[in-house]
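Accompanying notes for the structure given below.
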Amino acid sequence: MSEFKDAAFGAGHDHIFLGAGHEKNERKTWAVIALCSAMMLIEIVGGSMFGSLALVADGLHMSTHAGAMLIAALAYTYARKHATDARFVFGTGKLGDLAGFSSAIVLAMIAVLIGYEAVSRFLSPVPIHFGEAIPIAVVGLLVNLVSVWLLSGGDHSHSHGHGHSHGHGHGHGHGHGNHAHEDEVQKIFAPSGVFAVSIFEDGVPPVFRITPATEGSRLDASAVSVTTLRPDGTQQVFALADRGTYLESKEDIPEPHAFKAIVRMPDGEHEVEFEEHEHHDDAHEAATRDHNIRSAYIHVMADAAVSVLAIIGLLLARAFGWLWMDPLAGVIGALVIANWSYGLMRDTGAILLDMNPDRRMAENVRHAIEDRGDKVVDLHVWRVGPGHMSAVVSVATGEPQRDSRFYHAVLRRFKGLSHVTVEVQPSHAAA
């Protein structure tokens, strides 16, 4: 009989998949809105009092800036307040991606408007009031730099922190990087010398390497083996081959890399322990990145870039009479913003369409189950929030004692996997 059960690492779980820095990033975004709104009011009121059209125009421009920030801030607030709302089947973790996608569209529109205005000025140049325009551009740049400072230190590029509790009874970390990190190298102190045992996976499937750490130490590959003891009780013996300056296991090491390893040498057995370590590859960053704070950050960076280009264009136009420098700076700014907008739209759109940002996670889940002799019939892994992945797994097994709880226990070690649904099917084909 087929069993379909969603235990999601324990009964009574919730579906709160907000990023680790959610509330901190929410406060930062509101602070930037307050700054931009104050600047907007000063410019509009000041421009109206002193009859400066340029000041009023920059104030209105600042209002679009505050509006874009408002999208991000409201998304944070709404996602937090409705995090436990049962109507959101997989929580509100993706709301930031929706806000980021919306911001990307706003950025694209701003790029088109700047580009259109620049081309218009190329075709029909307008007189520039340098005395007003340059100080306004400088003040605008200062406001943007303060905004960048307020938003920095957050998840605009990626988030490595995963301290947010979501009721699944496990913390957050991640698998190995693409090579052996220093803390993954274990030392063995044997009578014949000191040896370094590591998991090596620099562009190749992961293997054990045993390297002499002292002069003159040598090992006979045929007399050495490594046995892994995993938390679920499974064992695997690895034979080693001599690669000249080190010994290397002939077989690949299945994921995850969390186990005790018994290294058998001619002088006895030595026990070392390996744990899952955080990996910093592109897939990990894509799975943990907070696109909402990233979109807010890109907005202020885009505005800062335009301010810098405007100041350069205005200074050159005033110094050499090159009036075309001002619209040229506008064209360059429009292209830069359009490029950032495209990147943000591509990344957030992929998450909204449930593309898997971390194919390594899917492969690790498959290997963890199939290395135990079962067959993964169907597997879906997708992102439900910054740093939170969800998986639906259908397993065919010939072991009648293995139910969904067994597979939940197997997969619990994948720290970024916050929600798991397992279907178990009996199969005579699976051994």
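Taken together, the values in this text are just the output of simple stated rules run on the coordinates, not laboratory data. Note that the coordinates shown come from a computational prediction; the quantities given were computed from them, not determined experimentally. All Cβ positions, glycine included, derive from the backbone under ideal geometry; neighbour counts span all protein chains shown.
The modelled label-to-label distance between Thr84 and Lys24, using points 7 Å beyond Cα along the C-beta direction, is 2.4 nm. Roughly how many nanometres apart are two label points built 7 Å out from the Cα toward the Cβ at Leu145 and Glu215? So the two model labels end up 5.6 nm from each other. Per the Kirkwood formula applied to alpha carbons, segment 295-431 shows a radius of gyration over Rh ratio, Rg over Rh, of 1.37.
Across segment 192-266 the C-alpha pair distances fall into 5 Å bins from zero in the proportions 3, 16, 28, 26, 16, 9, 2, 0 percent. Phi-derived couplings, Karplus 6.51 cos²θ - 1.76 cosθ + 1.60 at θ = phi - 60°, listed residue by residue for segment 340-350: 5, 4, 4, x, 5, 5, 5, 5, 6, x, 4 Hz, with x used for Gly and Pro.
A simple rule links phi to the HN-Hα coupling: the Karplus curve 6.51 cos²θ - 1.76 cosθ + 1.60 with θ = phi - 60°, which for segment 226-234 gives 10, 10, 8, 10, 8, x, 8, x, 6 Hz, with x for Gly and Pro. Expressed as a fraction of 2.2 N^0.38 Å, the value expected for a compact globular protein of N residues, the C-alpha radius of gyration of segment 359-426 is 1.04.
Here each label is just a point 7 Å from Cα along the line to Cβ, and for Phe122 and Asp252 those points are 5.2 nm apart.
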